[in-house]
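Undergrad: Please see the structure below; I have some questions.
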Amino acid sequence: MLSVKNLCIERNNKRIIEDLTFHLKGQTRLFVQGDIGTGKTTLLLALLGFVPISKGELRLFDQICQKEKDFAPFRGRVGICFQNANDQLFGPTVLDDVAFGPLNQQHPREYAYQLAEQQLERLGIAHLKDRTVHTLSGGEKNFTALAGVLAMQPQILLLDEPTNGLDRKNIEKLTALLRELGLPMLISSHHQGFIDGLADEIIGL
């Protein structure tokens, strides 16, 4: 479903990632580890075309992706949660925010909001649906951002430090949820307990 071969990425004339090869298939939860500055976030952004690739091959659903137009059809099928939930929350209410993705996929309004309600229920945050986004706690924002991604019914999940801002109880909740989803995932994380509870495979940068 996702594969890279001899991937190289440069930013500001500096080689960030060099000669990286891996494959994501089935229901594998693949974790990416590395020190700050080793390119974990850069890698996830590159996998959806938000950061250009210098060399190598990147395939999504067996299609080679090189330019912006190549990635566009897969955004939604590949869902991404950014490290900072504030970077993807902008709706007037939680429900509106979560419904934005399905609406952007051209689903009818009633169905889009139905999908949004379902994901809020699934994540146990339906009680937040009428809240304005800026009044949420950090953890509530994380789960709202994830609900927005899941409402688009992705086939692959990319998660960048999803435990940021979560306490132990909510990390356990997130771990159980991600295990239950049964989706292939590429996850950047430094939280060892979270990694131990979910990882099928680990690559280091």
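We did not get these values from a lab; they are worked out from the coordinates using the rules stated. Predicted model, so just to flag it, every value in this text is computed and none were measured. Methodologically, a virtual Cβ is constructed for each residue, glycine included, from the backbone with ideal geometry; neighbour enumeration extends over all protein chains shown.
Undergrad: Which residue pairs have Cβ atoms under 6 Å apart, sit 6 or more places apart or on different chains, and have a first residue in the range 35-58 that is surrounded by 15 or more Cβ atoms within 10 Å (Cβ to Cβ) and a second that is in a helix (DSSP H, G or I)?
TA: So the pair list comes out as L48/F71; G49/E68; G49/F71; V51/T42; V51/L45; I53/A46.
Undergrad: Tell me, which residue of the range 28-56 that is of a type in the set (V, I, T) and in a loop (DSSP other than H, G, I, E, B) is farthest from N13 (Cα to Cα)? Outline the logic, then answer.
TA: First, pick out the residues of the range 28-56 that are of a type in the set (V, I, T): 28, 32, 36, 38, 41-42, 51, 53.
Filter again for in a loop (DSSP other than H, G, I, E, B), leaving 28, 36, 38, 51, 53.
On the way: T28: 33, I36: 18, T38: 15, V51: 13, I53: 13 Å.
The qualifying residue farthest from N13 (Cα to Cα) is T28.
Undergrad: Can you name the number of the only condition in (1) among the hydrophobic types (A, V, I, L, M, F, W, C); (2) assigned to a strand (DSSP E or B); (3) touching a residue at least 40 places away in the same chain (Cβ under 8 Å) that I16 fails?
TA: All conditions pass for I16, except number (3).
Undergrad: Of the residues G101, G124, which is small (G, A, S), under 14 Å from L150 (Cα atoms) and buried (at least 16 other Cβ atoms within 10 Å of the Cβ)? Walk me through how you get there before you give the answer.
TA: Details: G124 fails: buried (at least 16 other Cβ atoms within 10 Å of the Cβ).
When all the criteria are applied, what remains is G101.
Undergrad: With respect to F74, determine if the residue is under 27 Å from G204 (Cβ atoms), surrounded by 15 or more Cβ atoms within 10 Å (Cβ to Cβ) and either without any contact (Cβ under 8 Å) to a residue 24 or more places away in the chain or of a type outside the set (G, A, S) (or both).
TA: On the way: under 27 Å from G204 (Cβ atoms): yes; surrounded by 15 or more Cβ atoms within 10 Å (Cβ to Cβ): yes; either without any contact (Cβ under 8 Å) to a residue 24 or more places away in the chain or of a type outside the set (G, A, S) (or both): yes.
Spelling it out, F74 is indeed under 27 Å from G204 (Cβ atoms), surrounded by 15 or more Cβ atoms within 10 Å (Cβ to Cβ) and either without any contact (Cβ under 8 Å) to a residue 24 or more places away in the chain or of a type outside the set (G, A, S) (or both).
Undergrad: Restricting the search to the range 158-195, which residues are more than 22 Å from K25 (Cβ to Cβ) and loosely packed, with under 14 Cβ neighbours inside 10 Å?
TA: Across the range 158-195, the qualifying residues are D167, R168, K169, A176, Q192, G193.
Undergrad: Only one of these conditions is not met by C81: (1) among the hydrophobic types (A, V, I, L, M, F, W, C); (2) surrounded by 14 or more Cβ atoms within 10 Å (Cβ to Cβ); (3) more than 26 Å from R15 (Cβ to Cβ); (4) without any contact (Cβ under 8 Å) to a residue 60 or more places away in the chain. Which number is it?
TA: (4)
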